[in-house]
Amino acid sequence: MRRLAAILVWSVLAAAFIGPGTVTTAASAGARFHLALLWALAFSTVACLVLQEASARLTIVSGLDLARALRRQYPGRVSGAILLALVLGAIVLGCAAYEAGNILGGVAGAVLAVPLPRPALTLLSVALAAALLWFNSPRRVAIGLSVLVAVMGVAFLWTAVLLRPAPGEVLRGALAVSLPAGSGLLALGLVGTTVVPYNLFLGSGLAFGADLRDTRLGLALAIGLGGLISMGVVVVGTALPGELRFDALAAVLAERLGGWARGLFAAGLFAAGLSSAVTAPLAAAVTARGLFAAGADDPRWGDGSGRYRATWGGVLAVGLAFGLSGVRPVPVIVLAQALNGVLLPVAALFLLVAVNDRDLMGEKGLNGAVSNLLMAAVTGVALVLGASGVGRAFAAALGRPAPGDRLLLGIAAVAALMVAWPVARAIRRRRK
């Protein structure tokens, strides 16, 4: 029973990263590049497990969530405040970008089944998410919605099996790193939609009072299933005739499974959007409280406080604005996932330093050699992909064509090596 409870709790994370962004980005990858980007999902699933385990272990061992641990590590009045403000800004920015995709994607699912105008469905979705956050009941609701999301995921997996992709091609796509021309943004998006930076803070908060062994089991099952479903969506995306459209994706499911699958996809996409629309603002508010509250009982940052509600309300307002803007959902969703991929190395670097802090983790909880190797590899790859995304964005801002993916990755790898030295020195100091 205790282990079942742990699995249900960590299913909140699966519900958080199997949102409209996952469906959109993965299906777009399959439609445009067939199975060539499966490796990005294979990597990001492993990365998600490694980083979420470290984040949960930090809380279980130290009694501090990730936000409070960062605050303790950087106590300086000026430098510490600036650093923590930058961290908060990055997380809130990532949550806001993700929220735009959540609302747009959830409403896109509702439009397939409910004969109401898109603006009305947007307002109803945001109002429902706001009510859940106001009455502080997102965890129970997210667990319930995750069941519907899981059913949709199983439908994708079974459809992927019915499509009968060649096993050799699947293995080659999952294990051989390749970047076909123009695939850099989608590869970054696949990482950003799976290893969601704010989930590191949310998962850390969920780990209070948990057993480490049960937590690892719950994480392995939830994240492993989430990664498998994401890969199934890529396979289903290969059957799309041209660019991704949600109605075309629903038609692929209905053609293989029957007409009922169209309704399941609509309901599942809406549930995925709503569950993620609740967890993104919640994660932003929890992170802000951890970074700036005077203590665990600071009334200025309680669940009903103005500051706490203003934080999640601001993130939710971004989703509302995009939902009412009339923009096409697919490009916005893909860009939001790519932005999260750029922000991921920031959170991962701070986490890597934190779990190597002897004062926080003690002797038994301190990262071992294998854990450090895995986390360093995950962080390094995320840093390379994120830096290449920044280079692409700068080129677009200057009105110039982006350099080739290989050149961008080479430059990003040099940047990652430059970051590695000061991070290694910081880890060495904290382990003494």
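The values are calculated or read from the model by the stated rules, or taken from the named source; none is laboratory data. A quick note: this is a predicted structure, and the numbers were derived from the prediction, not measured. Here Cβ is always computed from backbone atoms with ideal geometry, including for glycine, and neighbour counts include all displayed protein chains. Keep in mind that these areas ignore ligands, DNA and RNA; they rest on the heavy atoms of the full protein, side chains included. Shrake-Rupley method; radii C 1.70, N 1.55, O 1.52, S 1.80 Å.
Quick notes on this one:
- For the range 32-44, 3J(HN,Hα) per residue [Karplus equation, 6.51 cos²θ - 1.76 cosθ + 1.60, θ = phi - 60°, Hz, x = Gly/Pro]: 8, 10, 6, 9, 5, 9, 4, 4, 5, 6, 4, 4, 5
- Relative to the current alpha-carbon distance between LEU163 and ASP359, full extension at 0.36 nm per residue lengthens the span by 65.3 nm.
- For the range 179-305, the C-alpha radius of gyration sits at 1.37 times the compact-globule guess of 2.2 N^0.38 Å, with N the residue count.
- Per-pair calculated FRET efficiency, R0 = 45 Å: ASP211 and ALA113 via Cβ, rounded to 0.05: 0.65
- Cut-off under 5 Å, modelled amide H: who pairs with VAL177 long-range: none
- Converting phi to 3J(HN,Hα) with the Karplus coefficients 6.51, -1.76 and 1.60 and the offset θ = phi - 60°, the range 260-274 yields 4, 5, 5, x, 4, 5, 4, 5, x, 5, 5, 5, 5, x, 5 Hz in sequence order, with x at every glycine or proline.
- With all protein chains in place and a 1.4 Å probe, the accessible surface of the range 186-267 carries 59 percent carbon and sulfur.
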